[in-house]
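The values are calculated or read from the model by the stated rules, or taken from the named source; none is laboratory data. In this text, all values refer to a predicted model and were calculated from it rather than measured experimentally. Because the Cβ atoms are built from the backbone with ideal geometry, glycine has one as well, and the counts that use them run over all protein chains shown. Surface accessibility is based on the protein's heavy atoms, side chains included, excluding ligands, DNA and RNA. Shrake-Rupley method; radii C 1.70, N 1.55, O 1.52, S 1.80 Å.
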Amino acid sequence: MTTETAKNQTTGGELSVPAPVEVPPVGEEVNLDANENYFNRELSQLQFNYRVLKQALDTTHPLINRLMFCCIFSSNMDEFFEIRVAGLRQQMKYGRETIGADGMMPDQALAEISRVAHDYIREQYDILNNVLIPEMEQQNIHFVRRREWTPQQAEWVRNYFEEEILPVVSPIGLDPSHPFPRLVNKSLNFIVELDGKDAFGRETGMAIVPAPRSLPRLVRLPDEVCDGGENLVFLSSMIHAHTDELFPGMEVKGCYQFRLTRNADLELEDDLEDLASALRGELLSRRFGDGVRLEVADNCPQELVQFLLTEFGLTERDLYQVHGPVNLTRLMAVGGLVDRPDLTYSGFSPSIPRQIRSKESMFDAIRKQPILLHHPFENFSPVVDLLRQAAKDPQVLAIRQTLYRTGADSELVEALADAARRGKEVTAVIELRARFSEAENLELASRLQEAGVIVVYGVVGYKTHAKMILIVRREEGRLRRYVHLGTGNYHAGNARLYTDYSFMTCDESISDDVNKLFQQLTGMGKALKIKKLFHSPFTLHSRLLSLIEREADYGEKGRIIIKVNALTEIKMIKALYRASQAGVKIDLIIRGICCLRPEVPGLSDNIRVRSILGRFLEHTRVYYFGNNGRPDVYCSSADGMERNLLSRVETAFPLDDPDLAARVREDLDTYLADNCQSWVLQPDGSYIQNQPAEGDERLAAQLVLLERLTGKN
């Protein structure tokens with residue numbers, strides 16, 4: 001499918017793009033440092049969020065899943081403001097402005113972000129109000145508004161308010177002795193206009209009502225007060241309807257919901273004596289960082305809006321007046337509140353390779369040949385089984401594992417604890433600074449330490465993002481090491497939603513490399529020589545650059561396919577530009593951010609960039625190099641970003657087994673053939689969604705893989 005036969009689906013919030021690149025005369029070298037050769041990182045991330053939002057309009061997704069995409073867009077935008085916008089504001093606040101390869105100053109970027117984000121969010125509410133909610137009404141799923149409540153429903157809501165809300169809500173009148181409260185990041189709140197005097201004779205005129213965080217934002221009305229169907233009511237509606245009960249004897253002139261997004265990035269010094277203690281302190285401050293965005297109901301009077309903006313130190317640029325609930329992420333609860341399996345994706349059973357099914361022991365299976373699993377199409381359970389068996393096996397002497405995100409009730413964590421209680425040497429390298437999983441990881445560290453696990457927090461200044469398990473087992477009088485390496489986290493829930501590769505082997509060179517990496521993480525000393533793995537911050541970046549340059553030496557015989565979540569690292573982008581100029585055919589499958597500008601004459605003629613969005617979150621990282629017919633295939637924990645390649649602990653592992661390498665290449669070709677869930681990046685920065693040409697069948701890569709590996713579509 002070429003871009004000429006694709007249908008443009010990008011209809012809102014056009015981005016500012018670099019000026020057209022002038023094609024240099026033949027023989028004149030292109031300036032690879034020119035700003036117009038690169039897209040802005042933050043604006044590219046906004047484009048990804050928008051592609052997620054557009055899934056809400058794709059009727060090939062079930063209706064409730066389309067609503068989920070609308071909610072995921074909100075969640076993505078929350079994090080975008082908490083981290084990326086907050087970071088730009090911090091640069092300006094402290095006079096540390098940095099300019100990326102695109103040449104855009106932080107203030108310019110913030111202005112453009114505001115313009116585009118306002119367009120996208122307006123479109124989001126338009127989709128919710130005029131597409132999704134009407135379609136759900138047609139399916140007998142109702143969001144019952146206050147004006148629509150029957151007397152029986154109104155009575156039920158009153159009882160719910162008095163029994164569940166009133167006892168836990170804390171209205172705060174604003175006066176000299178009650179200053180504006182410190183509101184928690186992203187919490188739902190109400191600003192209330194009042195008239196009259198309270199019991200103490202005060203005339204405040206204004207109050208703030210924080211919605212109790214312990215209460216659900218969406219409640220299902222009981223069937224006995226409804227005329228059939230699924231009927232849901234917003235917590236905000238119930239509070240609106242009974243605000244007067246919070247201020248007895250006073251007149252409520254108006255009640256308007258709002259929500260403040262704060263800076264949620266954590267700043268830790270590199271010379272900390274106790275990382276865990278410092279992180280606990282920072283987590284408390286995250287809830288009350290500087291404001292970066294104010295969402296307000298669009299019926300809120302302007303004077304109240306200005307009052308809030310002033311209170312939070314924000315400007316009109318940071319204001320988002322919305323027609324509907326200010327916390328759309330909470331609508332994700334719909335899937336659990338309504339019993340409509342016909343409106344969600346049908347379940348499937350991830351497969352288990354025959355090689356594993358036929359063996360009682362994971363160790364026997366791995367010794368026979370290396371194993372590659374493609375989640376979620378193939379089950380994550382063999383990874384869990386490997387660790388469980390290791391915990392119970394008397395021949396296993398030691399287990400080491402990195403943990404980035406695992407989940408609160410991880411079976412892997414229980415297996416590690418079990419192994420330690422059985423007297424094995426167990427070491428867990430826990431990355432405490434996994435964003436938004438810090439508190440969970442602190443608790444996880446404590447649980448493992450109580451079980452006797454040696455817990456290490458990695459290297460200060462370098463997040464440990466590599467996914468590694470090393471098991472040392474005594475066999476026939478000698479020690480053998482078994483290894484698991486992955487592209488994704490050790491999180492069973494994510495393994496059902498994210499696409500990732502798991503690789504298990506007892507290859508001596510690879511297991512020796514992994515052992516050395518653990519030595520570097522837990523001990524101290526010079527970087528050890530690694531045979532097969534690439535690892536950052538030492539060799540990964542330079543080795544990838546050298547492989548790109550090798551393909552450039554092959555010229556038109558060269559071939560590169562890279563599949564990652566983001567590509568921002570400038571040296572890698574320049575290397576890809578040079579390879580393209582040398583005639584190498586390059587396909588980049590970049591889910592999210594891409595700063596490379598493709599298909600520009602004289603610069604990137606031979607580079608095509610596509611993004612795949614569908615039922616599952618694309619998360620595999622693969623680096624494929626043709627090598628003149630002797631391909632090198634690497635799977636990795638690392639994206640093509642500065643942080644991954646230069647300032648984290650990451651790995652890239654080779655698939656030396658030709659069958660496994662061929663299988664990954666087949667997967668890549670499936671993604672490149674996708675003609676309906678793929679979006680092609682254009683030279684001007686826009687994305688065009690592919691559509692089947694007339695007479696062609698729809699080919700959605702994820703559905704093909706689902707059918708290929710599980711037999712279900």
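For the chain, the calculated P(r), taken from all Cα-Cα distances in 20 Å bins from zero up to the bin holding the longest distance, is 16, 46, 32, 6, 0 percent.
What the phi angles of segment 348-353 give under the Karplus curve with 6.51, -1.76 and 1.60, with θ = phi - 60°, is a coupling list of 8, 9, x, 7, 10, x Hz, glycine and proline written as x. At q = 0.20, 0.30, 0.31 Å⁻¹, work out log10 I(q)/I(0) for segment 104-158 with the Debye formula, treating every Cα as an identical point scatterer and leaving solvent out; two decimals please. Listed by q, the Debye log ratios stand at -0.80, -1.05, -1.07. Each distinct pair of alpha carbons in segment 628-713 adds a 1/r term; the inverse of their mean, the Kirkwood radius, is 15.7 Å. Treating each Cα of segment 448-593 as an identical point scatterer and ignoring solvent, apply the Debye formula and state log10 I(q)/I(0) at q = 0.09, 0.10, 0.14, 0.15 Å⁻¹. Debye intensities relative to I(0), on a log10 scale: -0.40, -0.49, -0.90, -1.00.
Mind giving me the nanometre distance, one decimal, between the label points for Ile133 and Ile99, set 7 Å out from Cα along Cα→Cβ? With each label placed 7 Å out from Cα toward Cβ, I get 4.6 nm. Could you work out the Kirkwood radius for segment 356-437, taking every pair of different alpha carbons, averaging 1/r and inverting it, reported in Å? It is 14.0 Å. Annotation for Asp119 and Asn628: the two label points, set 7 Å from Cα along the Cα-Cβ direction, are 4.8 nm apart. Within the accessible area of the chain, the carbon and sulfur atoms contribute 47%, probe 1.4 Å, all protein chains present.
Here each label is just a point 7 Å from Cα along the line to Cβ, and for Asn159 and Glu245 those points are 1.2 nm apart.
A cut-off under 15 angstrom between Cβ atoms defines the neighbours of Leu63, and their net charge, with Lys, Arg +1 and Asp, Glu -1, is -3. Protection proxy ranking for 454-467, 524-537, using the average of other Cβ atoms within 10 Å per residue and placing the highest first: 454-467, 524-537.
Charging the Cβ of each Asp and Glu at -1 and of each Lys and Arg at +1, and nothing else, the dipole of the chain about its Cα centre rounds to 2400 debye. The Stokes-Einstein estimate for segment 133-183, based on a Kirkwood radius over Cα pairs and taken at 37 °C with 0.692 mPa s viscosity, is a diffusion coefficient of 230 µm²/s. Rg/Rh for segment 560-623: what does it come to with C-alpha atoms and Rh from Kirkwood? Result: Rg/Rh = 0.97. The peptide list 395-401, 104-110, put in order of mean Cβ contacts within 10 Å with the highest first, becomes 395-401, 104-110. Taking only alpha carbon atoms, segment 314-417 gives an Rg to Rh ratio of 1.19, where Rh is the Kirkwood radius. Only Cα sites of segment 68-223 enter the Debye sum here, all with the same form factor; the resulting log10 I(q)/I(0) across q = 0.11, 0.13, 0.15 1/Å is -0.75, -0.97, -1.14, listed in q order.
Entry comment: accessible area of the chain is 42 Å² per residue, from protein heavy atoms only and a probe of 1.4 Å.
Residue pairs exceeding 30 angstrom between C-alpha atoms, taken from Lys392/Lys563; Lys359/Lys467; Lys54/Lys253; Lys529/Lys557; Lys54/Lys532; Lys186/Lys253: Lys392/Lys563; Lys54/Lys253; Lys529/Lys557; Lys54/Lys532. Looking at segment 134-195, the trypsin sites (Lys or Arg not before Pro) that sit in a DSSP loop and have at most 12 other Cβ atoms within 10 Å of their own Cβ are Arg145, Arg182. Only helical runs count toward this figure. For the chain, summing -39,500 (n - 2.57) over DSSP H runs of n ≥ 4 and dividing by all residues gives -10000 deg cm²/dmol at 222 nm. Summing Lys and Arg as +1 and Asp and Glu as -1 over all other residues whose Cβ lies under 14 Å from the Cβ of Leu215 gives a net charge of +1.
One chain, two ends: Glu508 and Arg663. Fully extended at 0.36 nm per residue, the span grows by 53.5 nm beyond their Cα-Cα distance.
Taking 20 Å as the cut-off, the amide N atoms of segment 36-56 that come nearer than this to a point 7 Å along the Cα-to-beta-carbon line of Leu646 belong to 36-45.
Projection of the Cα convex hull of segment 645-695, averaged over all directions and equal to a quarter of that hull's surface, yields 6.7 nm². In segment 466-511, the ratio of gyration radius to Kirkwood radius, Rg to Rh, stands at 1.10 when only Cα atoms are counted. Stretching the chain fully between Lys359 and Ser346 yields a gain of 1.7 nm (0.36 nm per residue, less the alpha carbon separation). Each peptide in 664-673, 44-53 was scored by the mean count of other Cβ atoms within 10 Å over its residues; highest first, the order is 44-53, 664-673. The convex hull drawn around the Cα atoms of segment 411-497, when projected onto a plane and averaged over every direction, covers 6.8 nm².
Size descriptors for segment 378-535, from the alpha-carbon set: Rg then Dmax equal 14.7, 45 Å. Restriction of the chymotrypsin sites (Phe, Trp or Tyr not before Pro) in segment 83-148 to DSSP coil positions whose beta-carbon has at most 12 other beta-carbons within 10 angstrom yields Tyr94.
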